[in-house]
Amino acid sequence: MAERCGDCPWRRHVSEQLKLRDRVQRHAFEELIYQYNRLMEKSDLQAVLSERYQAEKYDVQKGHDSSGGAESSRSDALQQEMAQMRIRHQEELTELHKKRGELAQSVIELNNHIQQKDREIQNNEARMLEYQQQISSLEGDCRELKSCLQDLERANQTLKDEYDALQITFSALEEKLRKTTEDNQELVSRWMAEKAQEANKLNAENEKDSRRRQAKLQKELADAAKEPLPVDTDDDIEVLAEDGGKGGGETSPSRVNSRTPSKKISQPPPGGLLDSISNIFGRRRPAGSFSSSPENTEAPSGVCAEVRVPSTALHVFDAHDGEVNAVRFSPGSRLLATGGMDRRVKLWEVIAGRCESKGALTGSNAGITSIEFDSAGSYLLAASNDFASRIWTVDDYRLRHTLTGHSGKVLSARFLLDNARIVSGSYDRTLKLWDLRSKVCMKTVFAGSSCNDIVCTEQCVMSGHFDKKVRFWDIRSESIVRELELQGRVTSLDLNHDRSELLTCSRDDLIKIIDLRTNAVRQTFSAQGFKCGADWTRVIFSPDGSYVAGGSADGTLYVWNILTGKVDRTLDQNHNSAINAVSWSPSGAFVVSVEKGSRAILWSDM
């Protein structure tokens, strides 16, 4: 039994509780029992006294009969005493009955309380059994959870060890990547330097060859002037063939004149191509000066007499193998240049409403981001994603110089008005001013934000940035003259023909005209479906400044009338993707739009 009680502590607990209840309830009933015993004693005493009274009464009556009146007084006194005693005993009896009733009621209440406690004990015992079962179940769950916890701790330790090993491996790989990146940057720098050296050597050799051919040409011309004899046809053909082999298949006007002896050609022609090559990085000659290639030199155009608002797609063609980012007409409106992600700048000639391919300018190592001709149309400047800007000559498609120095992709590059300096803006948040005479970077200005587009006047550069600001720079002091904040990232800038108004496009899908004289927004354009498709979406003034053209992300070309402030034309039937850039020919006759696909479209009102 002791073992069972030891095995079952709840039974021992119940026994102790019963003993405690016995002690507590016994102490409560002791007074009740004591009073009850007194009541019973008094009741017995009263019965005894009543019997004694009856006996004495009987004796008194008997003595009265025997003794007569002598003892009547004694009997009366005894009766009074008995009456008083009886009254007192009656009162005590009443009091005892009252106490007895109270005690009985207390007994009933205590019995009820005991029964209630018994029921509670039973309920507690049942609950104890339930709790004991729950404890057994929870102990089993606890054991299972402890086992799972141990498994998880082991798995966690394993994962931690693997993580530590991976962290060590990652650190080693990161260090290796850093070293590889440094080596790569060094190799790229060396490669770019070697490439620049090779380009310089090639240019020097080409210039030597050109000077040699020019000297030979001048000698032949002098000989022809001294000896005005008929020239044999076979010799002419041989000379032309030789010149065609060296000059790219085109017949030089000077060589044609050498076939006819004349004193007028005895004087050697001006430097022509030789001067063009030697002055490529210097100031340009006036538009009216002599050139050895008159067919490829375009005079700068003024304000056009008539602007045609485009309404018809004259020619839809695939301009590049991939996305087309930039497009620009030459100053004479005859040539069109496009730049794409295929790392090429392509030249097109607009003939009879069609764009005929003239050739491609190669040398870029990444996609082209912007294009610009110089004021004479002789040179083409292009910015690219390989952190560089490049200059080509338009007549012979030769790469003249590569300007490197930015640490991020170059998003825009522009000639200054003197054509001897250019400004480039990059993703590395800097603007660089380059001198084409000395072929060096003259100034580097930290703009504080990625530069998306640039326009230039003679001494002022306006740049549009990712931080929604247009900044105006003084080239001479390298300082910001003023800033103008728009509501979205600036994607495009353009100046009207008299450079008094600045056109901006931003990612909040608004096109604004800023009056440069008051430095305030003069006009804002928008349309229901117009949405700027990229951070490099370009919009443009018409040549006379009366219209604004821009392409939307859905491939729709919008033309706004500046006088009315409303959309004049909406052309949405030919582009299949977002329009990246638009160019309006200086003559006002044509508009070209290019898209994120490979397509370009020539528009006019014909």
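The values are calculated or read from the model by the stated rules, or taken from the named source; none is laboratory data. Predicted, not measured: the structure shown is a model, and the values here were computed from it. Note: ideal-geometry Cβ built from the backbone for every residue, glycine included; neighbour counts use all protein chains shown.
Among 492, 500, which is of a type in the set (Gly, Ala, Ser), closer than 23 Å to residue 582 by Cβ and surrounded by 21 or more Cβ atoms within 10 Å (Cβ to Cβ)?
492
Residues to consider are 395, 418, 374; find the one that is out of contact with any strand residue (DSSP E or B) (no Cβ under 8 Å at 6 or more places or on another chain), surrounded by 19 or more Cβ atoms within 10 Å (Cβ to Cβ) and of a type in the set (Asp, Glu).
Unique residue meeting the criteria: 395.
Residue under question is residue 454, and the condition is that it be touching a Gly at 6+ places or on another chain (Cβ under 9 Å) and under 30 Å from residue 393 (Cβ atoms); does it hold?
yes
In region 310-326, what count of residues is obtained for those that are buried (at least 24 other Cβ atoms within 10 Å of the Cβ) and not small (Gly, Ala, Ser)?
So the count comes out to 4.
Can you give me the number of residues within region 532-561 that are more than 23 Å from residue 331 (Cα to Cα), without any contact (Cβ under 8 Å) to a residue 60 or more places away in the chain and not in a strand (DSSP E or B)?
6
Looking at residue 497 and the list (1) under 26 Å from residue 557 (Cβ atoms); (2) under 31 Å from the mean Cα position of the chain (by Cα); (3) modelled with pLDDT under 90, which single condition is not satisfied?
Answer for residue 497: the failing condition is (2).
Consider residue 574 against the criteria (1) more than 23 Å from the chain's Cα centre (by Cα); (2) in a strand (DSSP E or B): it satisfies all of them except one. Which criterion is unmet?
Among (1) more than 23 Å from the chain's Cα centre (by Cα); (2) in a strand (DSSP E or B), the lone unmet condition for residue 574 is (2).
Would a scan of region 514-531 turn up a residue that is under 22 Å from the mean Cα position of the chain (by Cα) and touching a residue at least 12 places away in the same chain (Cβ under 8 Å)?
yes
Could you tell me which of the residues 346, 358 is of a type in the set (Lys, Arg), surrounded by fewer than 18 Cβ atoms within 10 Å (Cβ to Cβ) and in a strand (DSSP E or B)?
Residue meeting the stated conditions: 358.
Residues checked against (1) of a type outside the set (Phe, Trp, Tyr); (2) surrounded by fewer than 20 Cβ atoms within 10 Å (Cβ to Cβ):
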| residue | (1), (2) |
| --- | --- |
| 505 | yes, no |
| 511 | yes, no |
| 516 | yes, yes |
| 522 | yes, yes |
| 525 | no, no |
| 536 | no, yes |
| 543 | yes, no |
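I'd like to check something: does region 465-487 contain any residue that is farther than 22 Å from residue 518 by Cβ and not in a loop (DSSP other than H, G, I, E, B)?
Scanning region 465-487 turns up no residue that is farther than 22 Å from residue 518 by Cβ and not in a loop (DSSP other than H, G, I, E, B).
Please determine whether any residue of region 479-492 is under 19 Å from residue 445 (Cα atoms), among the charged types (D, E, K, R) and more than 23 Å from the chain's Cα centre (by Cα).
yes
Of (1) under 17 Å from residue 601 (Cβ atoms); (2) outside any strand (DSSP E or B); (3) hydroxyl-bearing (Ser, Thr, Tyr), residue 364 satisfies all except one. Which?
Just one mismatch for residue 364, condition (1).
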